[in-house]
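Visitor: One structure, pasted below without further comment.
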Amino acid sequence: MPKPLEGSVALVTGASRGLGAATAIELAKLGAHCVLTARTQGALEEVDDAIRAAGGQATLFPLDLAKDGEKLDMVGPSIAQRFGRLDILVHAAGVLAKLTPIAHIMPRDWQEAVAVNLSACWRLIRTCDPPLRAAPAGRAVILTDGLVAEPRAYWGLYGFGKAGQEHLAKAWAAEVANTKLRVNLFDPGAVATKLRAMAMPGEDPATLPQPAEVAPQVAALCLPAESRNGEVVRRT
Ligand code: NAP
């Protein structure tokens with residue numbers, strides 16, 4: 001029986017651990033060839049091993065979203081040249097950034113948060129839009145956070161980037177509404193990852209859902225049958 005994503009190509013950012021890694025493994029199990037990006041080569045290789053063990057295939061594309069802008073610009077054209085199209089984009093990379101009062105944010109921390117949590121999303125959309133439009137049923141999913149709708153004290157440095165990403169994704173969804181491409185956001189809620197552990201060091205991660213439990217919901221948004229566009233889909 002053919003797998004639902006057999007023959008498709010998926011680009012997953014933040015694929016070295018947490019939700020990005022789990023989603024990449026899930027997409028590979030559904031038949032997608034996954035292009036994995038993050039900074040940590042060794043961790044990407046471990047995800048590659050897990051994908052191969054599950055019978056899937058991956059290509060590693062290590063890059064720093066904050067520093068390798070020109071390399072990021074080449075992602076879309078490189079995928080188009082090799083595969084002819086991009087069927088799926090999952091943007092899961094993100095950085096917690098310091099939890100601090102707005103008035104105490106230092107320029108260095110502001111720049112990192114802008115670079116990873118906001119500018120990288122724009123640049124990713126810019127480079128991936130053409131090959132996604134070339135796919136028969138292009139699907140893009142951008143990971144967001146519930147605090148965008150409910151800003152919290154001390155979370156502004158993290159939250160403003162996620163809010164900007166949401167705005168970009170919704171505007172992009174409106175722009176592609178008359179194409180075959182569908183763009184949605186996914187709010188995973190609290191999940192046991194490194195990012196969550198840094199934010200809530202006193203929390204027992206065993207009380208939270210694991211990334212592998214949440215990943216099927218992200219992968220479901222990547223299926224050709226998904227018809228929603230411009231929505232924030234929250235974990236059920
Ligand atoms: P995570 O485990 O900390 O993973 C973050 C990923 O982003 C890693 O693969 C990391 O890879 C990558 N990354 C960070 N900085 C990067 C950079 N400069 N260049 C390239 N890659 C970079 O976090 P997670 O919890 O899975 O988060 C995934 C997404 O879900 C994020 O967008 C987050 O905001 C969102 N989210 C998470 C939760 C939660 O409770 N976990 C809740 C709401 C929303 P390297 O370090 O190898 O580069």
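Read-outs: derived from the displayed coordinates by stated rules, not from any lab. If you're wondering where the values come from, they're calculated on a predicted model, not measured in any experiment. Cβ placement follows ideal geometry from the backbone for every residue including glycine, while neighbour counts extend to all protein chains displayed.
Visitor: For a quick size check, give me the Cα extents of the chain along its three principal axes, largest first, whole Å.
Guide: 53, 38, 33
Visitor: Keeping to pairs on different chains or 8 or more places apart, tell me how many lysine pairs in the range 9-231 have Cα atoms under 17 Å apart.
Guide: The result is 4.
Visitor: Given a Förster distance of 41 angstrom, what is the FRET efficiency for residue 108 paired with residue 210, based on the Cβ-Cβ distance and rounded to 0.05?
Guide: Plugging the Cβ-Cβ distance into 1/(1 + (r/R0)^6) gives 0.80.
Visitor: Of 112, 26, 166, which has the largest mean-square fluctuation in a 10 Å C-alpha GNM of the chain?
Guide: Largest GNM mean-square fluctuation: 112.
Visitor: For the range 139-192 and the range 87-109, compute the distance between their C-alpha centroids and round to whole Å.
Guide: Measuring centre to centre over Cα atoms gives 13 Å.
Visitor: Residue 59's amide H: which non-local residues (gap 5+, or another chain) put their own amide H closer than 5 Å, with H modeled 1.01 Å from N in plane and none for Pro or chain starts?
Guide: Hits under the 5 Å cutoff: 34, 35, 36.
Visitor: Using the Cα centre of the chain as the reference point, and only Cβ charges (+1 on K/R, -1 on D/E), how large is the resulting charge dipole? Debye, rounded to the nearest 20.
Guide: Here the chain has a charge dipole of around 340 debye.
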